[in-house]
Every structure is written in structure tokens, then in C-alpha cells.
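The values are calculated or read from the model by the stated rules, or taken from the named source; none is laboratory data. Note that the coordinates shown come from a computational prediction; the quantities given were computed from them, not determined experimentally. For neighbour counting, all protein chains shown are included, and Cβ atoms are generated from backbone atoms with ideal geometry for every residue, glycine included. Each accessible area value is taken on the protein alone, full model and side chains, heavy atoms only, with ligands, DNA and RNA left out. Shrake-Rupley method; radii C 1.70, N 1.55, O 1.52, S 1.80 Å.
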Amino acid sequence: MMKRRPHFISILFNIGKFLVLLIIPLIRGLLASLRGGFQSWLASAWMDIAVVALIVGMGISVWYCMGYCIEENCLILWQGVIFRRIRRIPLDKISWASIVRPWYLRPFRAVQFRADTPGGSSKDSDFSMLLYRSDAEYLFTILDSLLPSLKSPPFSPREYRPKGFYVIILSALTSNSLAGILLASAAISRIGDLMGKEFSERIYGTLEQLARLAAFGVPPAAAALAYLLLGGWALAFITNLIRNKNLFVSRKANSLFIRGGILTHRSYTLDLSQVNYLDIRQSVSTKALQMQSAFLHTAGYGKYKEDVSALIPAANNRDAARTLQILAPELIPSPRSVKPNFGAVMKFLLDAVWCCLLVPAGAWLLCRLMPSWAQVIRYVGLITMVPALWFLTVRILDFNTSGLSRDGDIFTLRYSQMFYLHTVVIPKKRIVKICFRQSILQWGDQKCDVLIYSRCEGRTCHHLKNLDLMACALLFDLPGYIPPLKKNFFAFLKKKKDGAK
């Protein structure tokens with residue numbers, strides 16, 4: 001491929017990085033107007049023009065000194081005006097690539113192209129550039145065709161299109177009230193910048209008045225908090241639904257092609273041989289409905305919040321198993337063979353029980369200290385008890401489902417994290433560290449917590465609680481790791497005492 005530069009529209013984005021320099025003509029113009037009025041400012045306006053020309057020139061220079069090409073099966077990227085930086089990325093090391101087509105760039109035929117390798121940063125892509133659509137699609141085609149041919153034999157293509165109902169469920173589960181609130185606040189603040197502070201204050205005042213009218217006997221402050229959380233969740237739900245609509249997944253050889261989105265169209269290709277693990281998630285509601293969602297963890301995929309990150313948005317257990325068999329037969333979960341004993345139930349429930357006890361106790365104490373706010377505190381405490389009880393339910397389900405199993409070189413880990421139940425399917429070659437951790441209470445019956453670490457643009461820890469130490473050591477082919485403990489801890493102590501004598 002010949003040397004190519006980014007899309008010319010990237011000059012505008014480069015200029016945006018130097019807009020802070022506009023503070024110079026603003027301060028100069030303010031001082032000039034204070035000294036001699038408008039005529040004095042006009043006489044020295046050439047200085048302002050020079051600063052603006054400097055900003056535009058810097059934006060063009062950054063664009064001119066950036067480019068890429070493909071040479072000897074490497075993607076080569078160079079950038080820098082004063083200090084030049086050149087990066088060579090082997091094509092067979094790229095595990096993920098994407099094309100993002102925002103609606104506001106489509107008239108210019110510009111797209112955002114990104115590519116990642118397992119050794120890159122967890123925050124930024126190894127290759128990210130605003131390209132012409134034809135150039136990006138050519139790069140995408142090369143990666144999509146080259147990666148499978150390097151690592152696997154021919155494979156009959158398979159396709160998957162989830163039902164719209166499943167996409168709605170995924171959007172509902174992945175929506176976060178806080179994210180929606182922050183998005184709405186940023187939008188209102190932006191409107192205030194464009195139309196004046198008074199307009200944004202009027203919006204906030206209208207929302208406050210609506211909360212008062214819809215309080216229905218609830219204290220206005222508590223009603224405002226409830227409606228704020230509900231409104232934030234609804235906004236996040238709509239955003240996620242727009243992002244995940246029209247999801248399409250295609251399997252070809254050793255690669256997956258994923259496409260989705262309404263306003264912004266997103267396309268991804270990823271190498272299955274470099275997938276770190278498969279994560280099957282369930283919440284309390286989807287567990288009750290016997291449904292699940294599946295996500296792939298690989299370099300780059302789902303790194304940005306606006307990305308489409310689900311392999312299976314939502315499906316009942318039978319459909320999900322059938323879809324996994326079609327799209328990723330290498331990553332099928334196996335039935336658990338090692339699970340916690342009944343005596344460990346409080347290890348799973350203790351922190352959740354404390355949450356359920358401390359919330360009403362804290363509300364009661366605050367009511368005694370601030371009696372004038374008692375009604376509001378009681379309602380807020382009632383709202384807070386909902387996630388506390390939800391967390392307790394998750395831990396009960398976790399105790400009944402957590403465990404460990406192995407099928408060949410594929411391990412299946414079942415555990416909970418916050419409000420979700422996770423079933424992680426991870427190849428043996430992706431495990432970089434295994435830690436068997438014992439507390440004093442676990443010595444007697446030879447139980448342990450298993451911490452399994454995987455690394456891909458950062459370290460991930462999977463924590464499984466109170467499993468049999470000997471069974472876990474044998475499962476991981478570590479028989480030498482088993483300490484010389486007997487089933488009875490006191491017998492072990494007696495043996496040590498007799499040996500000392």
C-alpha cells in the first residue's frame with residue numbers, strides 16, 4: 001500500500017487541541033478595549049489574526065506529518081511535527097479492528113479506524129486515525145481476510161442476528177442511572193453555554209417543579225432523587241438501545257465480524273485465537289427468567305464505552321448455548337466439578353447481610369440526629385435498601401452456582417462480582433497466575449479461595465471462594481502445591497508437636 005494520510009477533516013479536530021491558545025487574543029483584546037476602546041483593538045487586530053493563523057497552521061502541520069502504510073506484513077504508523085514517532089504493528093498480532101461511522105462524518109465520507117494488539121495500552125488503541133472510508137474499508141478487508149488464513153483451515157461462514165426483544169433486554173441490563181445523569185447534565189450544561197446560563201437554569205427549574213407536582217405525598221426531595229435516578233436510567237437505556245440495535249455477528253474461520261448501531265454505524269473484526277476469555281453474565285432478573293448475555297474479552301474490544309461489546313445480547317439458556325456452539329464452539333462452559341461446601345455459606349453472605357443491617361441502622365441514627373429531615377431520610381433509606389437486598393439475593397445465588405471445572409485445556413469459572421453472576425470460560429494458555437489463598441478458618445477442612453489472573457492490556461482477577469484445595473490443585477495440574485495437611489486440623493497440629501519432641 002502507498003503512504004496514506006488521514007482524512008482532511010481531521011485538521012479541524014487537530015485545531016480543537018490548540019484552541020486554548022485563543023485565550024491570548026481574548027486577553028489582549030480585553031486589555032486593548034479597556035485602554036482605547038474598539039478603535040484601539042481594531043488597530044492591533046493583526047495580532048489576533050496571527051494567533052488564529054498559528055492555530056490553523058499547527059493543525060495542518062499535525063495532519064501533514066501523520067500517516068500510515070502496510071509494508072512486509074506490518075502496519076506502520078508515523079506522527080509528530082518536532083519529535084517524530086514511528087510504530088510498526090505486525091498484522092498477525094492485531095487481535096481487533098473497528099470502523100466507526102458517526103452520523104456527522106458520513107457526509108464527508110470519513111470514518112474512525114482503530115486497531116489493537118494484546119500488548120497495547122488499556123486506555124488507548126494502538127492504531128487510531130480518522131481515515132477516508134475507502135482506505136479504512138481496504139485496511140479492514142486486509143485484516144479480516146489475513147488473520148483467519150494465518151491461523152486456521154477454511155471454515156463455513158455462520159451468521160447470527162439476535163431478536164429485537166433480546167437487544168432491549170441487554171440495553172435495560174447495561175443501563176446505569178449515574179451514567180445517564182452525567183450525560184443529561186453535560187447536555188444541559190452545553191445548552192447553557194450556547195443559549196445562555198438563564199436558559200439552562202430554567203430547564204433545571206422546570207424539572208424541579210415537575211418533581212414537586214409528581215411527588216404524590218412523598219417528600220419533594222425524595223421524589224426528586226427517585227425521578228432523577230429513573231430519568232438517568234431511561235436516558236442511558238435509550239443510548240444503549242441506539243448503540244446495540246441492528247446487531248449482526250458472523251463467524252468465518254478464526255475471526256468474528258460484528259456490526260451494529262443506528263445513528264453511528266460500528267463494524268468490528270477480531271481474532272478468536274487471541275480472545276482472553278468468554279464472560280457469560282446474569283443478573284437476578286435474567287437468572288429468574290433463565291436468560292443470559294455473553295461478552296468476549298480481547299484486546300481493544302469494548303474498550304470504549306460507546307462500543308458494541310456483546311457477542312450475545314440476551315437469550316434464554318437454550319438459545320444462548322446453541323448460539324455459542326455456532327459462533328464460538330471452542331469456548332463452551334462445562335458443568336462445575338468443584339463447588340463450595342455448605343459450611344461456607346456465611347463467607348458468601350456476610351458482607352451482604354452487613355449492608356442490609358447497616359442501612360436501616362444508619363437511617364434510624366440519622367432520624368434521631370436530624371428529626372426535621374426524618375421523613376426524607378426514611379424514604380432515602382427505603383430506596384437504599386433495594387440495592388442492599390438485591391446484593392444479598394445475588395450472593396445467595398452465587399453460593400448455589402459458584403464453582404470450578406475443566407474440559408481439556410478450557411476452564412470454566414463461576415463467581416459473582418457486585419450485582420452480576422459471571423460464568424467465565426478461559427483457555428489454559430490465557431492464565432498467567434494462580435493463587436490458592438487460605439485463612440485460619442479454612443485450614444481445618446483444607447478449603448481455599450482460588451484467585452486466577454489473566455492478562456490482556458491489563459490484569460484481571462477472577463475470585464472463587466471456599467473450594468477444596470486438593471481438588472483445585474489436581475484440576476490445575478499442581479499436585480506438588482498441596483500442603484501436608486490432614487483432614488483434621490487438630491491431628492495435623494498433634495503430628496507437628498510429636499515431631500518436635
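With +1 on the Cβ of every Lys and Arg and -1 on the Cβ of every Asp and Glu, and nothing else charged, how large is the dipole of segment 249-334 about its Cα centre, in debye rounded to the nearest 20?
That gives a dipole near 160 debye.
With the contact rule set at Cα under 8 Å and sequence spacing of 6 or more, what percent relative contact order holds for segment 79-127?
30
Determine the per residue accessible area of segment 350-479 with all protein chains present and a 1.4 angstrom probe, expressed in square angstrom.
Counting only protein heavy atoms, the per-residue value for segment 350-479 is 52 Å².
Projected onto the charge dipole of segment 64-134 (+1 at Lys/Arg Cβ, -1 at Asp/Glu Cβ, origin at the Cα centre), which of Ile82, Thr117, Trp103 gives the Cα projection farthest towards the positive end?
Looking along the dipole axis, the top candidate is Trp103.
Using the Karplus curve 6.51 cos²θ - 1.76 cosθ + 1.60 with θ = phi - 60°, work out ³J(HN,Hα) for each residue of segment 289-297 in order, rounded to whole Hz, and write x for Gly and Pro.
So the Karplus estimates, Gly and Pro as x, are 8, 6, 10, 7, 10, 10, 10, 9, 10 Hz.
Quick one: which residues, 5+ away or cross-chain, put their amide H under 5 Å from the amide H of Leu311? H built at 1.01 Å from N.
Amide H neighbours of Leu311, under 5 Å, 5+ apart: Ala294, Phe295, Leu296.
Could you order peptides 245-252, 57-64 by the average number of other Cβ atoms within 10 Å of their residues, highest first?
In decreasing order of mean packing, 245-252, 57-64 become 245-252, 57-64.
Rolling a 1.4 Å sphere over the protein heavy atoms, what is the accessible area per residue of segment 229-321, to the nearest Å²? Could you put the intermediate results ahead of the total?
Numbers: 3250 Å² over 93 residues.
The answer is 35 Å² per residue.
Rounded to the nearest 20 Debye, what is the dipole magnitude of segment 62-135 about its Cα centre when Lys and Arg each give +1 and Asp and Glu each give -1 at the C-beta?
Around 300 debye, computed over segment 62-135.
Mind scanning Lys93/Lys163; Lys123/Lys428; Lys163/Lys252; Lys17/Lys93; Lys123/Lys429; Lys252/Lys433 and naming the pairs with a C-alpha gap bigger than 29 Å?
Over 29 Å apart, Cα to Cα: Lys93/Lys163; Lys17/Lys93; Lys252/Lys433.
With the full set of protein chains in place, find how many percent of the accessible area of segment 274-433 is carbon and sulfur; take the probe as 1.4 Å.
On segment 274-433, the fraction of accessible area on carbon and sulfur atoms equals 64 percent.
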